[in-house]
Each structure stands twice: as structure tokens, then as C-alpha cells.
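Inspection log for the structure reproduced underneath, given as C-alpha cells.
The values are calculated or read from the model by the stated rules, or taken from the named source; none is laboratory data. For clarity, every value in this text was computed on a predicted model and none was experimentally measured. Cβ coordinates were reconstructed from backbone atoms using ideal geometry, including for glycine residues, and neighbour counts include every protein chain displayed.
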Amino acid sequence: MSRYHETYERWKRDPEGFWAEAAGALDWVSPWQEVYARVDGLDRWFVGAECNTCWNAVDRHVKAGHGERLAVIYDSPITGRKAKYSYNQLLEEVSTLAAALEDLGIRRGDRVIIYMPMIPQALFAMLACARLGAIHSVVFGGFAPPELATRINDAKPRAILTASCGIEPGRVIAYKPLLDQALDIAAHKVEACVIFQREQAPADLKPGRDHDWEDICSVARSFGRKADCAAVKATDPLYILYTSGTTGQPKGVVRDNGGHMVALRWSMENVYDIRPGEVYWAASDVGWVVGHSYIVYAPLLQGATTIVFEGKPVGTPDPGTFWRIVSEYGVSALFTAPTAFRAIKKEDPDGNFIRKYDLSSLRTLFLAGERADPDTVKWAEDMLKIPVVDHWWQTETGWAIAANPVGLGMLPVKHGSPSVPMPGYDVQVLDEGGHEVPRGKLGAICVKLPLPPSCLPTLWNNDERFHKSYLSHFPGYYETADAGYMDEDGYLYIMARTDDIINVAGHRLSTGGMEEVLAGHPNVAETAVIGIADQLKGQVPVGFVVLKSGVDRPSADIEKECVARIREKIGAVAALKTVVVVPRLPKTRSGKILRATMRKIADREEFKTPATIDDPAILDEIRGALAAKGIGA
Ligand code: COA
Ligand code: AMP
């Protein structure tokens, strides 16, 4: 029998009592005056309390006598490197790095950007900032310099921590030139850069500004310097994580300290069913929210062992990599994006690599980041013979809005659904007028306010955009921007975004942002970017451009330049490989581009020609242009 229903009801009856009880599992420097309060128009948790997230993720376990327990396992099939860190060693690394950062002048409240590949030092950096009460902002390594510069200008960091390079299959990506370019473009001036030198591509350092990571740590060590945990307010920001909005300007999602650690630790026990000392592996990247929550903070807050994996599900060296890791380290739960499983299934459809390894430790597979298509879920179930749990969440929430809570006892699985709302989330499906729609009917998925602990209290330095983006459309609710429905049993089905965000290989990208970049090409008059269905990545972007009159250059050249431009300005992660020059874009009579209709043509879905279309003949032009690229034909 699952305890889900009684737990959800318990939360609904007394939300503050529920979260206060959950908070009891953690250490607090001083207690809260109010579990929940509205402060300056924002919803806040554990108001008045002081705490430190790093203390709870690291020191607390050492103090409790678990210092010898494994905290971090690093496994890098891409370099052949492996390493293990106990909680004692993690404390040594983090408190030394924090002291070195202190020596560079980093103080509580300062922002620090972390632009790093999947190496343990990325975790040390995040935890060292948390220790000092500095606010980290991790930028995914696949973003190009202009994206990094945008984040530098918004977060105004005092320092940037980076590595000399990242490694992708078949190529080493020197980070230092990317960092230098970003710093050249950015208006905000950064005082100090700390570079972790990797042998694959050591970087030249700029005297005065750049510091060698190992050197500054050695200096701190030689003076026996270790930084203590700063007492911060529970409501102080722990980090800012930028995520795609509807324009090229990303949203700086703020995460606080107190509510975040309470919700994440609760989720480890009740959603993921992980006990202290067990090995938990989220195969993602620290640049994404999954990495923040479930590579770094949640497993460590629970005293579990986390894995830092520098590789891909396939090709490093084969589709058995995940299974090698599970068997080598005795992983109890694996969390990844469905796209990783589609990649594995494509290369190993019969599961020959799966059978090569002892996977008896693995109890559950968790999927999130994009819609888990039933075919992929069924394949994983058949191959692994364990429960496959889809769960739904967003950068904004930091943990699952809906899941099948394994720790509370699993509910029946329904393919295509991430199951039921978690305690803290009163999820309602609304019509345009803000009224709940009947069960089974499609609508806008919203969460009745207040949002639970860990969810964003606001956007960095932009309360106004926070209110406008999330709270204004449906007063009294948080708008998730996902559309879907709830069935008779209270299971949610997440069908599509209601904005122009697309999901490419589990990565959230803004088509609006890509359109802004394409519009900057000197020959381009108008653009539209849509996300079309892709067997491996779920969706991939396709760009359409209309040229300025009088442009007399081969279309193929302009298309190539547009593809390159997205890579230069946004990064390889945008995965835009197709841009088509078209004579016109289909529009309504009032001038709105009919992106949804274009997407349906590309995906070969049935559609009705919109009654408001200006000129239906344009749809045939679009069909022809796509067919010439082998799309939708
Ligand atoms: N630094 C620099 N470049 C990066 C990068 C990084 N950290 N991560 C990805 N890229 C590059 C890739 O090399 C690729 O470049 P290319 O166009 O030259 O080939 C491009 O960005 C797109 O990357 P990706 O979308 O990851 O595609 P892929 O073809 O390399 O791999 C999968 C496909 C499915 C194997 C891969 O997307 C994957 O492992 N996904 C797992 C899902 C995941 O981690 N999601 C995160 C949220 S849970
Ligand atoms: P991100 O903020 O990058 O985590 O992306 C969040 C978005 O990814 C959500 O708003 C959804 O559109 C999508 N998403 C995440 N998890 C799921 C899921 N389990 N099922 C369907 N869509 C999902």
C-alpha cells in the first residue's frame, strides 16, 4: 500500500506543519520565526532562520561520524580517469577552496559564475560558494561566449571559476578562449578568474586577473587555512540558474537556502527512496537544474554517494557505459532523460550490452526533462525489469511537481503520465478564464500559490519579470507554461509547452532566442524557428528565413551562415542544423506568424488551414521548402 494519499492529505491539512517536520532532518544555526510568510510580495519559507547548505551537505555527515563514507565518485570514460572522495575528503577540498576564494575577496552575497565540465571540481566550486554564502551561477559548458556574457552582465559576478577545457567525443574544447571572448563582450568587469588546468589543453593565464586553481588552493593549504560555514538566512539565495525564456534574455531563477535543502532532502527519501550511504546517479550535467539538484545537493544532503559522470550514454565507448557504471559502483537509482535511453535503444535494441553487467543493485530508473514516450518507457521496463518512473519538473521548481513517489510506496504506473502531484503542489488544470477544466480535458497546468519550498521565490533582480512571466496570467496561480490534463485518478499528462520553448535532448531552448540571432544576419529580413519532432532528441529546431529585398546571394550560403551563427552566438547545444530560405512566411491577417501550422506540416500532422490565414498558398511553399530538405515529405 502506498502512503502517498495520506501524506498528500497530511500536507494539505497543515502545509506549514508538514514542512516544519521535514525541516527537522537538517541542522539550523537559528530557528525560523515563521515556516511560511509573504515578504515584500514574495512567498518565503523558513523566514527568520539561519542555516548553511554546505554544512548540511558535507560537515553534518562528518560530524555524525560518517566521514569515511563515499561522497563523490568521478568516472570519466572520455578521459579514462576515475576518482573517489569520502565525506572527509570532500570537506577538505571544499573548505580549502572556500578559503582560497575568501583570499580572493569573495564574501557572502557575492556572485560567482562557474563554467565547468563534468569534473569533481565543479561540485567543489558550488559547495565552496555555498559555504561562504556566495551565490553561484553555473553556466552549461555547451553555451557560447555571448550567452556566457549575457549571464555575466545579469549576475555581475566578482569571480568566475572555470577549467581549461571540456571534452566532447572527438574534440577538446578549450574553455579559456571562450571565457576571454565572453569577458571582452560583457559590460560587467570581473575581478578574478580561477582556472583548473586540465592536461588535455592547459590554458595561458592573464597575470593579475587569472589564478591557477591548484596554486591558490596550495597557498591556502600551506597556511592551514580552511573556511568555516557562514550563517546565511534561509531566504538568502544559494544560487541563480539561468534558463530559457521566450526571448534571448534568459531568466535568472533564484533558489534560496532553507526551503531548497528541506524539499530536496525530503525528495531523496520519499520520491527516490534513497537512504544515507546508498549510491545515487543522476546522469545529467551540473549546468542544468537536474545536475544542481540531483548530482550535487540532494544526494549529499541525504548523506548518499553521488556520481560525476563525464561521458555520453553512447559512444564513450559503447552503449554499455551506463550499465558498467551501475554494476561497478552498485548504483541503487539512476536518473536520466528519456533521450539518453532512446540513444541507447537505437544502438543496442536487443539489450546485449545490458546483459553483460550485474545490475542487481539497481532498484529504480527515473526519467525527466522531457516527455517520456511510452515506447521508450516500455523498452526500459522490458530490458531492466525494474520500475521506470517518469516525473515532471522545471528549473523553476528544483524538484518534482509530479512523480510516482517510490519512497512512499509506488502507485500503479500509467505510461505517458508522470503520475501525481507531490505534497506542496496543488496542481490544477485551468481554462483561459482561470477555471478548472473537467478531468480528462486539456488546459493550462497551474499550481495554486504558494509554491512549496525550493521553488523560485523570484527572478534575479527582476521581481517584475517574475510576476509577469509566472503569476499574472492566472491570478493566484503559478503558470507552468505546460499544457496537459489530469485523469479521473488524479494522474497528470504533460502534453506540450504553451510558449515557444522547445526541448532538445532534454535541454530547454528558446526558439524566440534563436530567432533574435537569425534576425541579426545582415541579409535576413524575417525569421521563424520551430521545434520539429526528432526520434532521438525529442525535438530539434528548424529555422526559416526570408531575405531582405535585393539580396542576390546563393540561398545555400546564407543557410550555412545562419546555422554557424546560432552555434557561435548560442552554442552547439542549440543543435540547429537546418535553416531554409523561403520567399514568405505564413501569417494571419493581423501579421502573426503561423508557427504551429508550420510545425504540423514538418511533423506530417493533420491540420486545418487557419481561417485567419492571409494567403493559404504560402503553406504549400513551406511544404515544398521543407521537402527539399527531406523534412515532412
Ligand atoms: N560542452 C560543449 N559542447 C557540448 C556540451 C558541453 N558540455 N554538451 C553538448 N555539447 C555539444 C555536443 O558536442 C554537440 O555538438 P555537435 O553538434 O558538434 O555534435 C551539441 O552540443 C549537441 O549536444 P547534444 O544535444 O548532447 O547531442 P549529442 O548528439 O552530442 O548527444 C545524446 C545526444 C542523446 C547522447 C545526449 O544529448 C545526451 O546524453 N543526453 C542526455 C540528456 C541530458 O543529459 N539531459 C540533461 C537534462 S536531464
Ligand atoms: P527544464 O526547466 O529545463 O527542466 O525544462 C522544464 C520543461 O521540460 C517542463 O516545463 C516540460 O515542458 C519539460 N518536462 C520536464 N520533465 C518532463 C516530463 N517528465 N514530462 C513531460 N515534460 C517534461
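The single residue among 232, 254, 194 that is touching a helix residue (DSSP H, G or I) at 6+ places or on another chain (Cβ under 7 Å), of a type in the set (Val, Ile, Thr) and crowded, with 20+ Cβ neighbours inside 10 Å turns out to be 194. Selection of segment 245-262 for residues being closer than 15 Å to residue 290 by Cα and either small (Gly, Ala, Ser) or touching a His at 6+ places or on another chain (Cβ under 8 Å) (or both) yields only 255. Six or more apart or on different chains, Cβ under 6 Å: which pairs go from a residue in segment 601-612 that's in contact (Cβ under 8 Å) with a residue 12 or more places away in the chain to one that's basic (Lys, Arg)? Could you list them? Every condition considered, the pairs that remain are 601/623; 612/589. Can you name every residue in segment 504-529 that is more than 16 Å from ligand 2 (Cβ to nearest atom) and assigned to a strand (DSSP E or B)? Within segment 504-529, 524, 525, 526, 527, 528, 529 meet the criteria.
Say whether the condition of being within 16 Å of ligand 2 (Cβ to nearest atom), without any contact (Cβ under 8 Å) to a residue 40 or more places away in the chain and not assigned by TED's automatic domain parsing to the domain that holds residue 416 is met by at least one residue in segment 560-571.
Start the filter on segment 560-571 by keeping residues that are within 16 Å of ligand 2 (Cβ to nearest atom), which leaves 570-571.
From what is left, the residues that are without any contact (Cβ under 8 Å) to a residue 40 or more places away in the chain are none.
No, that holds for no residue.
State whether the residues of segment 530-546 include one that is in a helix (DSSP H, G or I) and surrounded by fewer than 16 Cβ atoms within 10 Å (Cβ to Cβ). For segment 530-546, residues in a helix (DSSP H, G or I) and surrounded by fewer than 16 Cβ atoms within 10 Å (Cβ to Cβ): absent.
Among the conditions (1) within 16 Å of ligand 1 (Cβ to nearest atom); (2) assigned to a loop (DSSP other than H, G, I, E, B); (3) not charged (D, E, K, R), residue 573 misses just one, which is (2). On the stretch given as segment 555-603, residues that are closer than 18 Å to residue 522 by Cα and not hydroxyl-bearing (Ser, Thr, Tyr) total 21. When residues in segment 316-353 are screened for being within 16 Å of ligand 2 (Cβ to nearest atom) and in a helix (DSSP H, G or I), 5 of them pass.
In the set (1) surrounded by fewer than 20 Cβ atoms within 10 Å (Cβ to Cβ); (2) not in a loop (DSSP other than H, G, I, E, B), the condition left unmet by residue 205 is number (2).
Does any residue of segment 473-486 turn out to be within 29 Å of residue 410 (Cα to Cα), surrounded by 16 or more Cβ atoms within 10 Å (Cβ to Cβ), free of Cβ contacts under 8 Å to residues at least 40 places away in the same chain and among the charged types (D, E, K, R)? For segment 473-486, residues within 29 Å of residue 410 (Cα to Cα), surrounded by 16 or more Cβ atoms within 10 Å (Cβ to Cβ), free of Cβ contacts under 8 Å to residues at least 40 places away in the same chain and among the charged types (D, E, K, R): present.
Residues checked against (1) under 30 Å from residue 482 (Cα atoms); (2) away from ligand 1 (no atom under 14 Å from the Cβ); (3) touching a His at 6+ places or on another chain (Cβ under 7 Å):
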{"position": "322", "(1), (2), (3)": "no, no, no"}
{"position": "326", "(1), (2), (3)": "no, yes, no"}
{"position": "329", "(1), (2), (3)": "no, yes, no"}
{"position": "334", "(1), (2), (3)": "yes, no, no"}
{"position": "339", "(1), (2), (3)": "yes, no, no"}
{"position": "350", "(1), (2), (3)": "no, yes, no"}
{"position": "356", "(1), (2), (3)": "no, yes, no"}
{"position": "362", "(1), (2), (3)": "no, yes, no"}
{"position": "369", "(1), (2), (3)": "yes, no, no"}
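Take the residues in segment 95-126 that are more than 17 Å from residue 238 (Cβ to Cβ) and of a type in the set (Gly, Ala, Ser), then tell me which one is nearest to the chain's Cα centre (by Cα). So, considering only residues that are more than 17 Å from residue 238 (Cβ to Cβ) and of a type in the set (Gly, Ala, Ser), the one nearest to the chain's Cα centre (by Cα) is 95.
On inspection, residue 306 qualifies as among the polar types (S, T, N, Q), part of a strand (DSSP E or B) and surrounded by 21 or more Cβ atoms within 10 Å (Cβ to Cβ).
Residues that are surrounded by fewer than 16 Cβ atoms within 10 Å (Cβ to Cβ) and either in contact (Cβ under 8 Å) with a residue 40 or more places away in the chain or of a type in the set (Lys, Arg) (or both) occur at least once in segment 175-187. Just checking, does segment 400-410 include any residue being more than 26 Å from residue 16 (Cβ to Cβ), away from ligand 2 (no atom under 13 Å from the Cβ) and over 23 Å from the mean Cα position of the chain (by Cα)? Looking for residues that are more than 26 Å from residue 16 (Cβ to Cβ), away from ligand 2 (no atom under 13 Å from the Cβ) and over 23 Å from the mean Cα position of the chain (by Cα), one finds at least one in segment 400-410, hence yes. Any residue that is crowded, with 19+ Cβ neighbours inside 10 Å and either of a type in the set (D, E, K, R) or over 26 Å from the mean Cα position of the chain (by Cα) (or both) - is there at least one of those in segment 73-82? Taking every residue of segment 73-82 in turn, at least one turns out to be crowded, with 19+ Cβ neighbours inside 10 Å and either of a type in the set (D, E, K, R) or over 26 Å from the mean Cα position of the chain (by Cα) (or both).
Any residue in segment 392-409 that is touching a residue at least 40 places away in the same chain (Cβ under 8 Å) sitting within a Cβ distance under 6 Å of a residue that is part of a loop (DSSP other than H, G, I, E, B) and among the acidic types (Asp, Glu)? List the pairs, counting only those 6 or more apart or interchain. Qualifying pairs under 6 Å: 406/273; 407/273.
To keep it simple, each residue is scored yes or no on (1) touching a helix residue (DSSP H, G or I) at 6+ places or on another chain (Cβ under 7 Å); (2) within 30 Å of residue 169 (Cβ to Cβ).
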{"site": "556", "(1), (2)": "no, yes"}
{"site": "559", "(1), (2)": "no, yes"}
{"site": "595", "(1), (2)": "no, no"}
{"site": "615", "(1), (2)": "no, no"}
{"site": "622", "(1), (2)": "yes, no"}
{"site": "628", "(1), (2)": "no, no"}
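Please go through segment 242-251 and give me each residue that is within 16 Å of ligand 1 (Cβ to nearest atom) and either farther than 19 Å from residue 461 by Cβ or touching a helix residue (DSSP H, G or I) at 6+ places or on another chain (Cβ under 6 Å) (or both), ordered by number. Answer for segment 242-251, where residues must be within 16 Å of ligand 1 (Cβ to nearest atom) and either farther than 19 Å from residue 461 by Cβ or touching a helix residue (DSSP H, G or I) at 6+ places or on another chain (Cβ under 6 Å) (or both): just 242. Taken over segment 371-385, the criterion of being away from ligand 1 (no atom under 13 Å from the Cβ) and either of a type in the set (Gly, Ala, Ser) or more than 17 Å from residue 417 (Cα to Cα) (or both) is satisfied by 380, 382, 383, 384, 385. The single condition among (1) of a type in the set (Gly, Ala, Ser); (2) within 15 Å of ligand 2 (Cβ to nearest atom); (3) assigned by TED's automatic domain parsing to the domain that holds residue 476 that residue 424 does not meet is (2).
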